[in-house]
Amino acid sequence: MSPIIIAIYLVLCFMVGLLGYRTRLGFFRSFLFSLLLTPFVITIFLLILTTLGPEPRTGSTPGAAGNKNT
């Protein structure tokens, strides 16, 4: 296999690792799985997991300081 193709594959795996940095898998596992499978499969997997995660909370919680219900 050509060294250029290997380098491109490793760069793609690194980019998938960066995509998975703030997920449950983290950088290293995302990078490792993309090496073992393919970067395309893990990218789809990460995108599905991040969209199925819990919705981020916005606003203040009931009963928080400064929240007046009068």
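None of the figures in this text is laboratory data; all of them are computed from the coordinates on show. Please read these numbers as outputs of a predicted model, since none were measured by experiment. All Cβ positions, glycine included, derive from the backbone under ideal geometry; neighbour counts span all protein chains shown.
Tell me, what ³J(HN,Hα) does each residue in the range 6-18 have, in order and in whole Hz, if you take phi through Karplus 6.51 cos²θ - 1.76 cosθ + 1.60 with θ = phi - 60° and put x for Gly and Pro?
In residue order, the calculated couplings are 5, 5, 5, 4, 5, 5, 4, 5, 5, 5, 5, x, 5 Hz.
Taking each pair of different alpha-carbon atoms in the range 3-52 once, compute 1/r for the pair, average those values, and report the inverse of that mean as the Kirkwood hydrodynamic radius in Å to one decimal.
It is 10.5 Å.
For labels at ILE6 and LEU36 in the simple 7 Å Cα→Cβ model, what's the distance in nm?
Output for this residue pair reads 2.1 nm.
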